[in-house]
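The values are calculated or read from the model by the stated rules, or taken from the named source; none is laboratory data. Values in this document were obtained by computation on a predicted structure and should not be read as measured data.
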């Protein structure tokens, strides 16, 4: 039984699911933006997408650090 292997695949699998979700959400935001759904005052969807994507980036830095560097 290999705990490192299980932990590695669980962490990267969860991260992959979040990346996939982020790409889907960013695609929806892009489609809505191309249709003119956002303005200077109504841009919550864009801000939420940006915050989520930065969260995913931050988590990847942590996953990379703990899995590959430590």
Residue match in the range 23-40 (condition: at pLDDT 95 or above and within 9 Å of the chain's Cα centre (by Cα)): yes
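Report whether or not residue 55 is on the phi < 0 side of the Ramachandran plot, at pLDDT below 90 and in a helix (DSSP H, G or I). Even if it seems obvious, please write down each step before you answer.
Details: on the phi < 0 side of the Ramachandran plot: yes; at pLDDT below 90: no; in a helix (DSSP H, G or I): yes.
Considered against the rule, which asks whether it is on the phi < 0 side of the Ramachandran plot, at pLDDT below 90 and in a helix (DSSP H, G or I), residue 55 comes out as no.
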